[in-house]
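K.L.:
Can you read through this structure? Questions will come right after.
Values quoted throughout were computed directly from the atomic coordinates according to the rules given, and no laboratory measurement underlies them. Remember, predicted model here, so these are calculated numbers, not experimental data. Positions of Cβ are backbone-derived with ideal geometry, glycine not excepted, and every protein chain shown enters the neighbour counts.
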Amino acid sequence: MMIEDLRRSLITGFDRWAPDHGATRSRVPGLTFHRHTAPTPPHVGVMDASLSLVVAGRKRVVLGNHTFDYGSTQFLLTSIDLPVTAWVTQASPTAPYLGILLGIDLAVVRALLAVAGVEEIDAATPLGIARADVTADLLDPLLRLCRLDERPAEIGLFAESVQRELIYRLITSPIGPRLRTLASIEGTSSGVVRALDWLRQNFRERQSTHALAEIARMGVSTLHRHFKTITTMSPVQYRKHLQLNEARRLMIVSGLDAASAAYDVGYESPSQFSREYRRAFGQPPISSIAGLRRSVQATATVTQR
């Protein structure tokens, strides 16, 4: 199929896969559909390793001083979990934003690299996020994966193989070297990945830079330099983002107050937590959470109509 035919099929499919406002989790593991009828406010959170594709409308993602604006002709590849600010910039009731997010398992990338015979991995440490042009070769397996949402009995039979095909298209794309480098088991990038994995699993624990460098099997200055190249922030700043995002989740989902959430994620001082929360999200915890809860309730009301 031609690329425009594939895109039209995806747009039409949204009426079946995600007819409601907001995020709709597909029956296919790792696949989520997004529909918005108006631009959204900026959302600060952690974007997992994923493929983000806009079917209709436009989106903006900001990581540090890097800004990625993209619409239906481009996709965004995030090769490692990164704290970003993201929002929909173009959407309306008559022309809604339609987006697809597919999580990427780096273990699958590594397995494909072992057998795919792609070119040698670049030794340079890349930024963990990049944008590239959409191709028919990419949209074709993505469409087939989305259509499995309508055939639950076939998901176990075909989803894994279609996802492997899709990931192969990503690692052989112009920005594939970034994914290949970060998924590799050798070199400096793998050391940063080890440090990132440890921080994600143990962000409640305070860890010295020297101890984290030992986990990464790298020197302190080398870890700091490559960590910042991939994430645009230091390990300390990355841990802080993880703490703040988990605290916000606990306040919204579990109903914890700010002080309880602060202690739960490893802060020793609720006042320090409040200062850093406001610096990260633009509002103190009480105001921010109240607004987010209203947004969640509004989305639930629209979904139930």
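K.L.:
Report the residue, chosen from THR222, THR94, THR67, that carries the largest GNM mean-square fluctuation when the chain is represented by alpha-carbon nodes joined by springs under 10 Å.
P.N.:
THR94
K.L.:
Where a ≥ b ≥ c are the square roots of the eigenvalues of the C-alpha gyration tensor, would you call segment 187-304 rounded, which needs a/c under 1.5, or, failing that, prolate if a/b is larger than b/c, or oblate?
P.N.:
Numbers: a/c = 2.67, a/b = 2.00, b/c = 1.34.
It comes out prolate by the Cα gyration axes.
K.L.:
Counting Lys and Arg as +1 and Asp and Glu as -1, each charge on the Cβ, what is the dipole of the chain about the Cα centre in debye, to the nearest 20?
P.N.:
840 debye
K.L.:
Let me ask you something else. Taking the mean number of other Cβ atoms within 10 Å as a proxy for protection, how do you rank 47-55, 1-9 from highest to lowest? The partial results should precede the final answer.
P.N.:
On the way: 47-55: 20.9, 1-9: 14.2.
Packing order, densest peptide first, comes out as 47-55, 1-9.
K.L.:
Moving to a separate point now. Taking the Cα centre of segment 3-183 as origin, sum charge times position over the Cβ atoms of Lys and Arg (+1) and Asp and Glu (-1), and report the length of that vector in debye to the nearest 20.
P.N.:
The calculation lands at about 360 debye.
K.L.:
Using only Cα atoms, locate the centre of segment 153-216 and the centre of segment 54-73, then give the distance between them in Å, rounded to an integer.
P.N.:
Segment 153-216 and segment 54-73 have Cα centres separated by 22 Å.
K.L.:
Projected onto the charge dipole of the chain (+1 at Lys/Arg Cβ, -1 at Asp/Glu Cβ, origin at the Cα centre), which of PRO83, LEU142, SER269 gives the Cα projection farthest towards the positive end?
P.N.:
SER269
K.L.:
Taking the chain as a Gaussian network, where each spring joins two C-alpha atoms under 10 Å apart, which residue of SER190, SER72, SER271 fluctuates the most?
P.N.:
SER271
K.L.:
Considering the options LEU179, MET2, LEU242, tell which one lies farthest towards the positive end of the dipole of the chain, charges being +1 on Lys and Arg and -1 on Asp and Glu at the Cβ, about the Cα centre.
P.N.:
The Cα lying farthest towards the positive end belongs to LEU242.
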